[in-house]
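The values are calculated or read from the model by the stated rules, or taken from the named source; none is laboratory data. Please read these numbers as outputs of a predicted model, since none were measured by experiment. Quick reminder, even Gly has a Cβ in these numbers, built from the backbone with ideal geometry, and neighbours come from all protein chains shown.
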């Protein structure tokens with residue numbers, strides 16, 4: 001059985017609605033990525049070093065990243081030699097299979113739920129990436145699953161951040177713990193935890209600043225927030241989600257490296273994936289950082305935040321190719 005057929009069989013066993021969300025959300029990336037790969041395929045009649053050099057350029061142009069691209073090319077060369085592949089057209093399926101294997105180390109759970117009490121999830125990331133929106137959408141999702149949720153407005157420095165989280169709290173039908181603009185974020189977290197405990201809430205989602213308007217280092221401020229959370233809820237935060245904007249491509253990878261060096265990031269949320277052709281960044285983040293992508297944003301609607309699914313992602317990148325098989 002071909003790998004394309006195996007992929008189709010996996011997809012057929014999943015929800016059609018989810019498949020369509022991934023397919024539609026990755027349309028720009030798929031079109032761009034496939035066009036680049038198809039251009040290379042059409043130019044060569046045999047698989048040689050020049051063919052791989054152009055394929056390498058196509059991957060890098062697709063925001064897969066240099067390090068990840070070199071890894072993929074090495075794997076492809078190895079398989080081409082092993083299978084004695086001569087025709088470039090036969091490399092197409094091999095590319096999809098090699099990409100799929102990059103995510104083949106098990107699907108991470110979406111959120112580490114604390115079964116013995118309050119679950120605390122901390123959201124970090126620079127301004128403008130969609131942190132607050134992501135928190136609102138995740139609150140909606142968790143509530144629809146039957147969990148009680150509370151939000152903590154810890155981004156007290158950005159103008160309008162507290163009001164924005166308030167609006168999302170109303171949309172999702174969950175409470176928001178807040179203080180005045182400019183307040184100490186750690187104090188907000190303390191109040192939010194006390195409120196969550198007294199209300200016996202299941203999950204507390206905590207917003208944080210992406211930039212400070214004073215000379216205090218952002219990472220130091222985040223560390224202070226984490227200390228307060230850990231003191232009040234032993235073992236918390238149970239997850240630290242780094243929110244990245246997919247439209248920034250390799251800049252998102254740079255941000256991830258910075259935050260990883262200073263914060264215990266346990267998962268990535270990649271937003272605005274539907275609005276960019278730079279979806280290859282998912283592969284770069286997974287390979288270079290080893291941090292699981294937990295959620296991806298595939299639209300603006302409240303239910304468009306999707307748990308990351310590696311099978312759906314690979315299918316979404318090559319839907320037409322797979323269906324043509």
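On the stretch given as the range 273-293, residues that are in a loop (DSSP other than H, G, I, E, B) and either touching a residue at least 12 places away in the same chain (Cβ under 8 Å) or closer than 14 Å to residue 66 by Cβ (or both) total 7. Residues that are modelled with pLDDT of 90 or more, within 15 Å of the chain's Cα centre (by Cα) and more than 20 Å from residue 248 (Cα to Cα) are absent from the range 285-302. Within the span defined as the range 24-31, every residue fails to be without any contact (Cβ under 8 Å) to a residue 40 or more places away in the chain and not assigned by TED's automatic domain parsing to the domain that holds residue 257. Filtering the range 60-70 to residues that are crowded, with 18+ Cβ neighbours inside 10 Å and either over 26 Å from residue 31 (Cβ atoms) or touching a residue at least 40 places away in the same chain (Cβ under 8 Å) (or both) leaves 62, 63, 64, 65, 68. Take the residues in the range 133-150 that are crowded, with 22+ Cβ neighbours inside 10 Å and within 15 Å of the chain's Cα centre (by Cα), then tell me which one is nearest to residue 251 (Cα to Cα). Going through the qualifying residues, I end up with 134.
The conditions of being within 16 Å of residue 318 (Cα to Cα) and buried (at least 16 other Cβ atoms within 10 Å of the Cβ) are not met by residue 5. Residue 46 falls short on exactly one of the conditions (1) assigned to a helix (DSSP H, G or I); (2) surrounded by fewer than 18 Cβ atoms within 10 Å (Cβ to Cβ), and that condition is (1). Looking at 281, 302, 296, just one residue is surrounded by 22 or more Cβ atoms within 10 Å (Cβ to Cβ), more than 12 Å from residue 22 (Cα to Cα) and outside the structural domain of residue 102 (by TED's automatic domain parsing), and that residue is 281.
Restricting the range 102-120 to residues that are touching a helix residue (DSSP H, G or I) at 6+ places or on another chain (Cβ under 8 Å) and not in a loop (DSSP other than H, G, I, E, B) leaves a set whose member that is farthest from residue 217 (Cα to Cα) is 102. Only one of the numbered conditions (1) assigned to a loop (DSSP other than H, G, I, E, B); (2) without any contact (Cβ under 8 Å) to a residue 24 or more places away in the chain is not met by residue 147, and that is (2). Of all the residues in the range 71-85, those that are assigned to a loop (DSSP other than H, G, I, E, B) and surrounded by 12 or more Cβ atoms within 10 Å (Cβ to Cβ) number 1.
Restricting 251, 220 to residues that are assigned to a helix (DSSP H, G or I), without any contact (Cβ under 8 Å) to a residue 24 or more places away in the chain and either in contact with a strand residue (DSSP E or B) (Cβ under 9 Å, 6 or more places away or on another chain) or crowded, with 21+ Cβ neighbours inside 10 Å (or both) narrows the list to 251. Annotation: of all residues in the range 173-190 being part of a loop (DSSP other than H, G, I, E, B) and surrounded by fewer than 18 Cβ atoms within 10 Å (Cβ to Cβ), the one that is nearest to the chain's Cα centre (by Cα) is 173.
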